[in-house]
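Engineer: Have a look at this one before I ask anything.
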Amino acid sequence: MSDDRSTDESAVQPDGGHASRPLAEPTSKQSTLRRFFTRDDLPPYGALRRWLLTTNHKDVGVLYVVTALLFLVFGGVLALLMRIELLTPVGDFLSADGYNQTVSTHGLIMVFWFLSPFAFGFANYIVPLQIGAKDLAFPRLNALSYWLYLFSGILLGLSFFQGGSFSGGWTMYAPLSVPNYMPQIGSTTTILALTLFVISVTVSSVNFLTTMHRMRAPGLTLRRMPLFTWSILLTVWMMLFAFAALLAALLILSSDRILGTTYFTAEGTPGSLLWTHLFWFFGHPEVYIVFFPALGAMAEMFQTFTGRRLVGRKWFIVSMLLVALQSFLVWMHHMFLTSINLQIKTLFMITTIGISLPFDLMVFSLIYTMVKGRLRFTTPFLFAFGSLFVFIIGGITGVFLGAVVLDYQLRGTYWVVAHFHYVMVSGVMALVGALYYWYPKLTGRMYNRRLGKLSFWLFFAGFNLLYFPMFIAWETPRRVFDYPAELTGFHQLATVGGFLLGFAFLLVIWNCYRSLWDGETVSSNPWAHATTAEWAIPSPPPLENFPGMPSYESGSLDFLDRETASTDGGTVTKPTPSSHDGHDSHASPWPLGISIGSFVLFLGLSGVATGGIYVPITIVGGGLLAVTLLGFGLESFSVTEPAVAERWPFAGIENGKLGVWIFLASDIVLFGAFVGSYVFLRAGYGWEAWKIVPHNPIPGLINTYILLTSSFCVVLALVAAQKGRRWGVVAGLTTTLLLGIAFLINKGIEWIELFHHNIWLSTDVQASTFFLTTGLHGLHVVLGLVIVLYMIPRALNGAYLDDERPVEYFGLYWHFVDIVWLFLFPLFYIL
Amino acid sequence: MSVLVGLTVQTFGTSAPPATVILQGQSRTMSEVFPHLFSIFLVLGTLVGIVVLSYMVYVAVRYRADGETDELKDSPQLGELPEGGGDGRKLAVSLTLSAIIVIALISYAWFLLMGVEGGPPEVSGEPNSDKPLSVTVVGEQFAWKYIYPNGNSSYTLRVPDDRPIELTITSSDVMHTYGIPKYDLKTDAIPAQNTTTWFNPDETETVEANCYELCGTGHSEMTSEVIIMDGAEFDRWYAQTTSDATPTPNESTTEGAHAMDHPQSRLAHNHVLV
Ligand SMILES: [Cu+2]
Ligand SMILES: [Cu+2]
């Protein structure tokens, strides 16, 4: 540690703003509305406006944590309703359908709206600090992720008021999930809410990956990253691909529900199996997506509170890496009871056992770290220790399920329920530990230690009293309220445990709330032996985090003067022409606006098929979304990329471009899932017997040429921009726009022709796959044209002559859309 | 650590004898295999769990900071770059041990799986067993319909106790999972797909079949009776059934609740799909 590092608390204002940059006072001449949206400054924490406008990673992190805890209460109340119902072996408290809705929404909320967002609250706050970044790469997109998350959750809540929420379990198995069996509008709303959530996750994934790969402090190579950051990096990579598969599944399901396609119900095709494949391809990585951040936080806490470095750190990371890769190769172990054949079962049994072994290593690594340490049983460490304790039980009981023969009998029973709660809520336990661990950093105050320890023991006792009896009563079928009477005692114990656990959660929340005022103030590093960078800066950290440029080039953390930063280590990026005076923006109203627009649009879409009030809601939502997106695009929001940073393996490309690449990678999985679904259904139907929908391949062929030509025009526009020829840029983009429109008109004629022959989306499964897959591609074309339409007037003003990168990014997207068509055309027109 | 090593090796040893029994390639029912294997997993799992957790608690108590003792030598410093803290060998040994236990257990389970998947014993090979009875099970919201080879169908499964029963399971609407807990038997009922399973009834009794996949409002009560009859009695009963017999919901289901949820009230529904 060098001495030029300033951790002087007095240099920082209590609101977290940096003293050296006084907040600008809005002048009284501005109108109230104008003042409300003034964005050059950030209002203090006390003001609601700050929380609505902020794009700062630390504020967004706090928002995520608080919101996730609210959803925890929501999901927890649902769980307690179930536990009350299960006090007796007959249904006497909730209605049958009410119980199914409770089961389903509890699962959806806990897995999606609580666990991951809770972890990503910490990721938002801590990861930039640990890697030495001032903020995430795209701060506005970060705020957008948060607001989309919040509004997707509100949409889910609304579903209960639309004739009943979704009642088909969190696995949403088809065809139970289609309107024939589940006609309520609320079920559609739930699926759309989850879709909105997935969009939030995708935006967030792109942002985190770009940040973590491009903005690490000099000297902080990937191998040297702290373990929490490592766990988040791998989590986000898994998210990027797994959630794209879920997005495909949800889009298809939404289409079956709203547009009347027949993917999951058509006779002669294995629609229900298609769902299980799509869902579990996402669903198994999801287990690790949920658990990895907890594991990373556990590793941090174990190091800090044992006073020892993690034993076998390298192997710990390798294990996580192996799990992350292999998580995409085990999904069929959720389908051992379906009609898949013995060879495949054996294969997936092997991959499943293979993926369990790295976890053994990680568990041993954590245990051995304690040996010869000096263990300080603070509240966070108690939670981390307790988490490892119950995780071991969860892991051992999971091996039972990996043995196919045992799975045959245990599947669909409380063995599974007990097992995955032991694993998942072990993760929650670690994250509650993380909450206590980072609480002083987030708030500058210490929690109440006595209350903290009490909350742990209640939590631990409640946890085991709730879930352990489920192992003993494992013969209870899952998701029923009507179980064998001799198991009543165990279920009653579990209910008592459930209330205890609920109370422990409330105690945790209460402790965090009260200590905001009552807690003693803390220094920058209240824990001895913490090594990571967040503990080297004040609690809470100032707006732009660091007193100088963080660097690890000397072998440990230094904060260098920005001017004297050495440039031989990391990759140097030349300062971007668009960056103004190095003054970064920290607030924007548009993420909130876009999220409200999306919320209204999705609410409208949920019932648009039934007409009525939903049609105007849809139109208003669409309009709102368009306006706010435009506002987002036109807003000048300055972010500076660090001049020097570790950027392996993406040193050669700047943040924006990497962001586009990462997004396209997830889009490849999305289209892959659509094409995979088509191939799966067609193979099940009989490849040759399947009839090709378009009567004539010629329009499709013409469209192929049109797209290829348009791609060429984008290249010409880029070349013109590089050479500073304004009219060349305008001409290239305009030709692209016209060709795109020609593509759409040609497609429109083809579709109208089909409609004339009475072939609709709902006609048969061939038509469903044709219209939906090429329609999704068409939507990508439309989106591209909207971007071009936005770019042309700017090009007329010479916008891209100094900085041609927007044209280049658009080109990447447009070429991708073009390449997708090259796959779709033969598949849907010829083969 | 050597305690852990010794114990796990020793406990693993206990599972060895049955392994010699099963490698004879004979077919086995789930009700033979499951309790056997489940108890082995349970005993070993409990032992491993107790050993690892006790060791963890022991370490926690042993190395607990007592407040006064001075700092560790070479304790981690704020801002340092992480080094891999050694002890790779200890980790490797532990991992290898746990891998051996897990892989051995799973391989053993896999051999047992072969017995189950082989289906009922062949008629020619085993003179004592009668020709298996094949019944098709159709899951429908919210009842189980059984179709016999002669075309007779019913909402109660009647089977003889003197021969293996082969079940072919499918669904006419959404996904269900058919299971008879007494015979440790379970398999998915998937629309437009067939799955198979089999069992060997051994005593005359009435047991229950359940649904194990959330399938809608009536899921909790989607049960049916399985009546195991004396072989001769079954043959007499079976001889007087015909393919024309169309079951009425109340004929076979004793609990009135099922009548309400009977699939026939949902036929209109199913037609939408077709
Ligand atoms: Cu899984
Ligand atoms: Cu069911």
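Engineer: I'd like the full set of residues that are aliphatic (A, V, I, L, M) and more than 14 Å from chain B (Cβ to nearest Cβ), limited to segment A:171-200.
Structural biologist: Residues satisfying the conditions are A:185, A:191, A:192, A:193, A:194, A:196, A:198, A:199.
Engineer: Test of understanding: among A:304, A:265, which residue is outside any helix (DSSP H, G or I) and more than 16 Å from ligand 2 (Cβ to nearest atom)? Give the derivation first.
Structural biologist: Working: A:304 fails: outside any helix (DSSP H, G or I).
Only one candidate qualifies: A:265.
Engineer: For the subset of segment A:321-358 comprising residues that are away from ligand 2 (no atom under 16 Å from the Cβ) and not in a helix (DSSP H, G or I), which member is surrounded by the fewest Cβ atoms within 10 Å (Cβ to Cβ)?
Structural biologist: If we filter segment A:321-358 for residues that are away from ligand 2 (no atom under 16 Å from the Cβ), which is where we start, we get A:321-336, A:339-358.
Applying the additional criterion that residues be not in a helix (DSSP H, G or I) yields A:330, A:336, A:339-341.
Working: A:330: 25, A:336: 24, A:339: 17, A:340: 18, A:341: 9.
By that ranking, first place goes to A:341.
Engineer: In segment B:190-214, how many are touching an Asp or Glu at 6+ places or on another chain (Cβ under 8 Å) and within 16 Å of ligand 2 (Cβ to nearest atom)?
Structural biologist: The total comes to 5.
Engineer: Sticking with this structure for a sec: Across segment A:472-518, what is the number of residues that are within 12 Å of chain B (Cβ to nearest Cβ), more than 34 Å from the chain's Cα centre (by Cα) and not in a helix (DSSP H, G or I)?
Structural biologist: 4
Engineer: Right, another one. Among the residues that make up segment A:507-524, is at least one of them closer than 30 Å to residue B:184 by Cβ and in contact (Cβ under 8 Å) with a residue 60 or more places away in the chain? Explain how you work it out, then say what you get.
Structural biologist: Restricting attention to segment A:507-524, the residues satisfying the condition of being closer than 30 Å to residue B:184 by Cβ are none.
No: segment A:507-524 contains no residue that is closer than 30 Å to residue B:184 by Cβ and in contact (Cβ under 8 Å) with a residue 60 or more places away in the chain.
Engineer: Continuing with the same structure: Test of understanding: among A:75, A:107, A:98, which residue is within 14 Å of chain B (Cβ to nearest Cβ) and within 20 Å of the chain's Cα centre (by Cα)?
Structural biologist: On the way: A:75 fails: within 14 Å of chain B (Cβ to nearest Cβ); A:98 fails: within 20 Å of the chain's Cα centre (by Cα).
Testing whether each residue is within 14 Å of chain B (Cβ to nearest Cβ) and within 20 Å of the chain's Cα centre (by Cα) leaves just A:107.
Engineer: Could you please let me know if residue A:204 is out of contact with any Pro (no Cβ under 6 Å at 6 or more places or on another chain), among the polar types (S, T, N, Q) and within 30 Å of residue B:213 (Cβ to Cβ)?
Structural biologist: Values: out of contact with any Pro (no Cβ under 6 Å at 6 or more places or on another chain): yes; among the polar types (S, T, N, Q): yes; within 30 Å of residue B:213 (Cβ to Cβ): no.
So residue A:204 does not fit the description; no.
Engineer: Within segment A:359-387, can you find the residues that are within 7 Å of another protein chain (Cβ to nearest Cβ) and assigned to a helix (DSSP H, G or I)?
Structural biologist: Listed by number, the residues that qualify are A:360, A:361, A:364, A:365, A:367, A:368, A:370, A:385.
Engineer: Under 9 Å by Cβ, and 6 or more places apart or on different chains, what pairs join a residue from segment B:207-227 that is touching a residue at least 24 places away in the same chain (Cβ under 8 Å) with one that is within 16 Å of ligand 1 (Cβ to nearest atom) and of a type in the set (A, V, I, L, M)?
Structural biologist: Once the first residue is touching a residue at least 24 places away in the same chain (Cβ under 8 Å) and sits in segment B:207-227, its partners that are within 16 Å of ligand 1 (Cβ to nearest atom) and of a type in the set (A, V, I, L, M) give B:212/A:337; B:213/A:337.
Engineer: Check segment A:408-423 and report whether any residue there is assigned to a helix (DSSP H, G or I) and farther than 30 Å from residue B:117 by Cβ. Reasoning before the result, please.
Structural biologist: Our first condition is that a residue be assigned to a helix (DSSP H, G or I); within segment A:408-423, this holds for A:408-410, A:414-423.
Next, from what is left, pick out any that are farther than 30 Å from residue B:117 by Cβ: A:421.
Checked against the condition, which is being assigned to a helix (DSSP H, G or I) and farther than 30 Å from residue B:117 by Cβ, segment A:408-423 yields at least one hit.
Engineer: If you scan segment B:48-91, which residues turn out to be under 30 Å from residue A:354 (Cα atoms), at pLDDT below 90 and either outside any helix (DSSP H, G or I) or at the interface with another protein chain (Cβ under 7 Å from one of its Cβ atoms) (or both)? Outline the logic, then answer.
Structural biologist: From segment B:48-91, those under 30 Å from residue A:354 (Cα atoms) are B:48-60, B:82-91; that's our starting set.
Narrowing further to those that are at pLDDT below 90: B:82-91.
B:82, B:83, B:84, B:85, B:86, B:87, B:88, B:90, B:91 - these are the residues of segment B:48-91 that are under 30 Å from residue A:354 (Cα atoms), at pLDDT below 90 and either outside any helix (DSSP H, G or I) or at the interface with another protein chain (Cβ under 7 Å from one of its Cβ atoms) (or both).
Engineer: Could you list all residues from segment A:485-523 that are within 17 Å of residue A:450 (Cβ to Cβ) and crowded, with 16+ Cβ neighbours inside 10 Å?
Structural biologist: Hits for segment A:485-523 are A:504, A:507, A:508, A:509, A:511, A:512, A:515, A:519, A:522.
Condition check ((1) within 30 Å of residue A:176 (Cβ to Cβ); (2) of a type in the set (D, E, K, R)) across all residues:
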site: A:278; (1), (2): yes, no
site: A:286; (1), (2): yes, yes
site: A:295; (1), (2): no, no
site: A:304; (1), (2): no, no
site: A:307; (1), (2): no, no
site: A:312; (1), (2): no, no
site: A:321; (1), (2): no, no
site: A:332; (1), (2): yes, no
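Engineer: Follow-up. Are any residues in segment A:160-169 closer than 20 Å to residue B:174 by Cβ and more than 10 Å from chain B (Cβ to nearest Cβ), and if so, which ones? Quick ask: steps written out before the conclusion?
Structural biologist: Applying the first criterion (closer than 20 Å to residue B:174 by Cβ) to segment A:160-169 yields A:163-169.
A:163, A:164, A:165, A:166, listed by residue number.
Engineer: Cβ-Cβ below 9 Å, separation at least six or inter-chain, first residue in segment A:391-420 and under 11 Å from residue B:34 (Cα atoms), second among the polar types (S, T, N, Q): which pairs?
Structural biologist: A:404/A:346; A:408/B:187; A:408/B:197
Engineer: When you go through A:426, A:455 one by one, which is the residue that is buried (at least 24 other Cβ atoms within 10 Å of the Cβ), in a helix (DSSP H, G or I), within 14 Å of another protein chain (Cβ to nearest Cβ) and touching a helix residue (DSSP H, G or I) at 6+ places or on another chain (Cβ under 7 Å)?
Structural biologist: On the way: A:455 fails: within 14 Å of another protein chain (Cβ to nearest Cβ).
The conditions single out A:426.
Engineer: Within the bounds of segment B:92-100, is there any residue that is within 14 Å of another protein chain (Cβ to nearest Cβ), out of contact with any strand residue (DSSP E or B) (no Cβ under 7 Å at 6 or more places or on another chain), under 30 Å from residue A:269 (Cβ atoms) and modelled with pLDDT under 90?
Structural biologist: Kept after step one, since they are within 14 Å of another protein chain (Cβ to nearest Cβ), are these residues of segment B:92-100: B:92-100.
Okay, now just the ones that are also out of contact with any strand residue (DSSP E or B) (no Cβ under 7 Å at 6 or more places or on another chain), so B:92-100.
Adding the requirement that they be under 30 Å from residue A:269 (Cβ atoms) leaves none.
Looking through segment B:92-100, none of the residues is within 14 Å of another protein chain (Cβ to nearest Cβ), out of contact with any strand residue (DSSP E or B) (no Cβ under 7 Å at 6 or more places or on another chain), under 30 Å from residue A:269 (Cβ atoms) and modelled with pLDDT under 90.
Engineer: Check residue A:314 against each of (1) away from ligand 1 (no atom under 16 Å from the Cβ); (2) more than 9 Å from chain B (Cβ to nearest Cβ) and name the one condition it does not meet.
Structural biologist: Here residue A:314 clears every test but (2).
Engineer: State whether one or more residues within segment A:128-149 are touching a Lys or Arg at 6+ places or on another chain (Cβ under 7 Å) and part of a loop (DSSP other than H, G, I, E, B).
Structural biologist: Looking through segment A:128-149, at least one residue is touching a Lys or Arg at 6+ places or on another chain (Cβ under 7 Å) and part of a loop (DSSP other than H, G, I, E, B).
Engineer: Ok, one more. Kindly provide the set of residues from segment B:155-176 that are among the small types (Gly, Ala, Ser) and either outside the structural domain of residue B:207 (by TED's automatic domain parsing) or buried (at least 23 other Cβ atoms within 10 Å of the Cβ) (or both), ordered by number. Reasoning before the result, please.
Structural biologist: Residues of segment B:155-176 among the small types (Gly, Ala, Ser): B:171-172.
Across segment B:155-176, the qualifying residue is only B:171.
Engineer: Tell me, yes or no, whether segment B:204-215 has at least one residue that is at pLDDT below 90, in contact with a strand residue (DSSP E or B) (Cβ under 9 Å, 6 or more places away or on another chain) and more than 16 Å from ligand 1 (Cβ to nearest atom).
Structural biologist: Residues of segment B:204-215 that are at pLDDT below 90, as a first pass: none.
Checking segment B:204-215: not a single residue is at pLDDT below 90, in contact with a strand residue (DSSP E or B) (Cβ under 9 Å, 6 or more places away or on another chain) and more than 16 Å from ligand 1 (Cβ to nearest atom).
Engineer: Say we look at segment B:188-209 and pick out the residues that are under 24 Å from residue A:180 (Cβ atoms) and in a strand (DSSP E or B); which of these is farthest from the other protein chains (Cβ to nearest Cβ)? Walk me through it before giving the result.
Structural biologist: If we filter segment B:188-209 for residues that are under 24 Å from residue A:180 (Cβ atoms), which is where we start, we get B:188-195.
From what's left, in a strand (DSSP E or B): B:188-189, B:191, B:195.
On the way: B:188: 4, B:189: 10, B:191: 5, B:195: 5 Å.
So the residue we want is B:189.
Engineer: What do you reckon, is residue A:313 under 18 Å from residue A:359 (Cα atoms) and at pLDDT 90 or above?
Structural biologist: On the way: under 18 Å from residue A:359 (Cα atoms): yes; at pLDDT 90 or above: yes.
So residue A:313 fits the description; yes.
Engineer: Something else about it: Are any of the residues in segment A:273-283 within 7 Å of chain B (Cβ to nearest Cβ) and buried (at least 24 other Cβ atoms within 10 Å of the Cβ)? Walk me through it before giving the result.
Structural biologist: Of the residues in segment A:273-283, the ones within 7 Å of chain B (Cβ to nearest Cβ) are A:273.
Next, from what is left, pick out any that are buried (at least 24 other Cβ atoms within 10 Å of the Cβ): A:273.
Yes: segment A:273-283 contains one or more residues that are within 7 Å of chain B (Cβ to nearest Cβ) and buried (at least 24 other Cβ atoms within 10 Å of the Cβ).
Engineer: If you don't mind, there's one more thing I want to ask. Going by the conditions given, is residue A:635 among the acidic types (Asp, Glu) and surrounded by fewer than 15 Cβ atoms within 10 Å (Cβ to Cβ)? Working first, answer last.
Structural biologist: Numbers: among the acidic types (Asp, Glu): yes; surrounded by fewer than 15 Cβ atoms within 10 Å (Cβ to Cβ): yes.
When the stated conditions are applied, residue A:635 passes them.
The values are calculated or read from the model by the stated rules, or taken from the named source; none is laboratory data. What you see is a predicted model, and the numbers here were worked out from it, not measured in a lab. Cβ: placed from backbone, ideal geometry, glycine included. Neighbour counts: every protein chain shown.
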